[in-house]
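The values are calculated or read from the model by the stated rules, or taken from the named source; none is laboratory data. Everything quoted here is computed from the prediction, not taken from an experiment. Here the Cβ is made from the backbone with ideal geometry for all residues, glycine too, and neighbour counts use every protein chain on show. Surface accessibility is based on the protein's heavy atoms, side chains included, excluding ligands, DNA and RNA. Shrake-Rupley method; radii C 1.70, N 1.55, O 1.52, S 1.80 Å.
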Amino acid sequence: MVGVWILAALAALLVLPSSALYGDSCSSAADCKDARYPHCYIYWKDTTPTLNTISYTDSTPSAGNVQVKGVCVECMTDCDCPVNEYCGVGEFKIPKVTSSNAGTAGTSSNEDFSRLMKQYELYGMAFEGLNISSRCKKYDVPSSPCSVHYADTITSTVVSEKRSDGKSVTVARVSLNVLSRPLASSFCGRVNSWAPDFHPCAVSGGLSQDITRCSQGETDSDLSTKNMANVAAVCPRWAGYRDSTIGEVFADPACQANDATFSSGGYDFVSPSIDWSGYCNRGKCQICLEGSQRCQAPTDGGEPQICLNGKWQRARGHGMSPWDMPLSDLNIAAQSQLTSAVFASLCFAFVCFNAVVVWMIYRSNQSHRENKRFEAKMKALAAEKAEHEVSPLPTSSERGQSGNCRVSPSLEKS
């Protein structure tokens, strides 16, 4: 019975659709069903089928479908990663892709169509093996002292080159205001690639001797990366072939510093020469500039973040306000700001309280003085009234006694 259940479970697993893992092919995000790798990075798109006609001589449209090549990745931008992580290069490398278009691609002859398809092939050879940002990584902050002036310098690199006559000459290549390899120890960040002295060379359908640029190997002056040598940059191969009619045909994409964008031969992708770059604060490397923000717009995705204490933190409440952060997450400057704000608030409350107390005492004293003045006025009025007051008339009995005149006895006798 147990064996039956095991077989049933295995059968169910076989029936379930498989999830696309990291590095699996895709043409849209719907193909990337694994929640760990939900993004489809489209790096190649062939639109030549949309230009197809019925034949080289009949220009009636016979459009086909666009061909798309993508890969399921963990991230495409820093906002796709957890807080305080970044989207860096992963194991995936750009593959060589060739068009499968069997139409006309809008050309007027089979020779022109073949050359167009060959051009697509050359760019596939040139870009093969380049990196893209596809993995979430934790910041590996350098412990060595950094400098904010690493790019404000002139760097000279001496290279031995072979000229077309086969002679070797010494050439100084000067780089201005870029990160060069000798100054790498002063850089706050991580470098993915340094430009070589010469472009690697690749030949399609023949030997290197068939192409003049490749005949003397990677010391030929025609393959020189010039002033990009030993600079943080991405340098694709140079690829060529010999056409029986027009001679040498070459695809020679230039080196690019920082985020190198390549858009040729159906390819369209970004290959970063620098995985991440931070901020140098008084000789110490920090992940980010204090107070800066990222992933704030709704279209950015991910969680809004703010830089505090040299690292990305989850933005809470109003984002940049130190009131929204735990005290342990604040740096010295933010703690000082918070302390100053609290102290100022307490001082303001104390001043307001004292002002209210003083006002109440003043009003109490003023009321007391007004009462005293009122009592004094009432006493003065009472005294003045007493001085001018008239005596009342006598009663009738009093009038009888005091009003009847008595005759003196001497007068009676007389």
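In the context of the full protein assembly, residue 141 retains an accessible surface of approximately 60 Å², using a probe radius of 1.4 Å and ignoring ligands and nucleic acids. Computed extension gain for residue 160 through residue 384, at 0.36 nm per residue and net of the alpha carbon distance, reaches 68.2 nm. The HN-Hα couplings worked out from phi for region 135-143 by the Karplus form 6.51 cos²θ - 1.76 cosθ + 1.60 (θ = phi - 60°) are 10, 7, 10, 7, 5, 9, 6, x, 8 Hz, whole numbers, x standing for Gly and Pro.
Take the Cβ atoms of residue 31 and residue 147, set R0 to 56 Å, and the FRET efficiency comes out at 0.80. Largest first, the extents of the alpha carbon coordinates of region 64-134 on the three principal axes equal 55, 24, 13 Å.
Using only the C-alpha atoms, the convex hull of region 228-269 corresponds to 74 Å³ per residue.
Remark: accessible surface ordering of 261, 299 (largest first) is 299, 261, probe radius 1.4 Å. For residue 248 and residue 65, what is the calculated FRET efficiency with R₀ set at 30 Å and r taken between the beta-carbons, to the nearest 0.05? For residue 248 and residue 65, the calculated efficiency is 0.35.
For the residues 203, 66, a 1.4 Å probe over the protein chains yields an accessible-area ranking, largest first, of 66, 203.
Residue pairs exceeding 18 angstrom between C-alpha atoms, taken from 45/69; 33/138; 284/311; 33/137; 45/118; 69/137: 33/138; 33/137; 69/137.
Taking every protein chain into account, the 1.4 Å probe leaves residue 385 with about 150 Å² of accessible area, to the nearest ten.
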